[in-house]
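Note sheet for the following structure.
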Amino acid sequence: MTSTEKAKPGTIDMKLEAVVIPVSDVDRSKNFYAGLGWRLDADFVVGDTFRVVQFTPPGSPCSIHFGKGLTPAPPGSAKVLYLIVSDIEAAHAELVAHGVAASEVFHRNGPGQPAIKGRHPEGRSYSSFVTFSDPDGNGWLLQEITQRLPGRVDAKDTVFTSVTGLAAALRRAAAAHGEHEKRTGGQYDTNWPDWYAAYMVAEQAGTTLPE
C-alpha cells in the first residue's frame with residue numbers, strides 16, 4: 001500500500017477478548033486478582049504443564065488470562081496495562097480498600113508531560129491516573145475518561161457497564177444541565193430527561209455537547 005492509499009475500515013467486528021499476563025505463581029496471582037473483586041470466569045487444568053485462569057475486571061468486555069503453558073514471556077514483563085474508569089478518586093479508594101499498594105492519584109497536562117500530584121484540576125478526560133502492580137510486577141494504569149475523543153466511540157453504542165459509571169455520568173449531566181438552565185433564564189426545564197440523554201450520549205461518543 002502506498003503512502004497515498006488509505007486503508008479501508010474493517011466491517012467485521014473484532015472484539016478484544018483477553019490479554020495474557022505472565023506470572024510465576026498461579027495460585028498467588030489468582031488470590032490477588034480475586035482480592036480486587038474481579039470476576040473469576042475459569043480455571044482449567046490440563047495435566048502438569050497447562051493451566052489457564054481467566055478473570056474479568058468489573059464492567060470490562062475484555063478479560064485477562066494467566067497460568068502455565070500460555071506464554072514464554074518472563075513473569076512481570078507486562079507493563080502499562082490500561083484500565084479505564086469514570087472516577088479516578090473512587091477507583092483509587094476502592095483499590096486501597098482491597099489492600100492494594102496503589103500510587104496516589106496524579107495527572108499530566110498532555111502526552112509526555114511530567115506527572116503532577118492530584119487529579120487534573122479541570123477534570124480533563126484522559127489526564128488523571130493511578131498505577132499499581134500485581135505480585136509479579138505486571139503493571140496496571142488506571143486512566144480517568146469521562147468524554148471520549150471524537151470518533152473513538154460509535155454514537156449509536158452508548159453503554160454504561162456499572163452503576164458507578166452511570167451514576168457519575170448522571171452527576172455530570174446534572175451539573176451541565178444546571179448551567180443550561182441558568183443560560184435559559186433559570187426556568188425549570190420540563191424536557192430535562194431528553195437533555196440528559198443527549199448530553200450523556202454526546203459525552204461518551206466525543207461529539208458536541210448540548211448547551
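Nothing in this text is a laboratory measurement; each read-out follows from the coordinates by a stated rule. Note that this is a predicted model, so its numbers are computed, not measured. Note that we place each Cβ from the backbone using ideal geometry, even for glycine, and neighbour counts take in every protein chain shown.
Proximity of backbone amide H atoms, modeled 1.01 Å from N, is registered between residue 83 and 141, 142, 143 at under 5 Å, excluding neighbours fewer than 5 places apart on the same chain. Look at the dipole of the chain built from charges on Cβ: of 147, 111, 121, the Cα furthest out on the positive end belongs to 111. Post the alpha-carbon centroid distance, the range 59-83 to the range 164-207, in whole angstrom. Cα centres, the range 59-83 to the range 164-207: 38 Å. Near residue 39, the amide H atoms lying under 5 Å from its own belong to 56; only residues 5 or more places off or on other chains count, and H is placed 1.01 Å from N. Given the chain, what percent of its DSSP beta bridges are antiparallel, to the nearest 5? Here the share of antiparallel DSSP bridges comes out near 70 percent.
For residue 166 and residue 116, the difference between the fully extended length at 0.36 nm per residue and the C-alpha to C-alpha distance is 15.2 nm. Each residue of the range 118-124 was assigned a 3J(HN,Hα) from its phi angle through the Karplus curve 6.51 cos²θ - 1.76 cosθ + 1.60 (θ = phi - 60°); the sequence is x, 5, 4, x, 9, x, 5 Hz, with glycine and proline shown as x.
Which of 104, 181, 144 moves the most in a Gaussian network model of the chain with Cα springs under 10 Å? Most flexible of the set in this elastic network: 181.
A quarter of the convex hull surface defined by the alpha-carbon atoms of the range 163-205 gives 3.0 nm² as the mean projection. In the chain, helices alone account for a calculated mean residue ellipticity at 222 nm of -8500 deg cm²/dmol, with every DSSP H run of four or more residues adding -39,500 (n - 2.57).
For the chain, the relative contact order is 16 percent, taking Cα pairs closer than 8 Å that sit 6 or more residues apart in sequence and dividing their mean separation by the residue count. Charged side chains reduced to their Cβ positions (Lys and Arg at +1, Asp and Glu at -1) give the range 79-146 a dipole of some 280 debye around its Cα centre.
As an exercise, find the ratio Rg/Rh for the chain from alpha-carbon atoms, using the Kirkwood inverse-distance average for Rh.
Working: Rg = 20.6 Å, Rh = 19.8 Å.
With Rh from the inverse mean 1/r over Cα pairs, Rg/Rh is 1.04.
Charged side chains reduced to their Cβ positions (Lys and Arg at +1, Asp and Glu at -1) give the range 163-205 a dipole of some 120 debye around its Cα centre.
Placing unit charges on the Cβ atoms only, positive for Lys and Arg and negative for Asp and Glu, gives the chain a dipole magnitude near 380 debye about its Cα centre.
Extending 7 Å from the Cα toward the beta-carbon at both residue 18 and residue 80 defines two label points whose distance is 2.6 nm.
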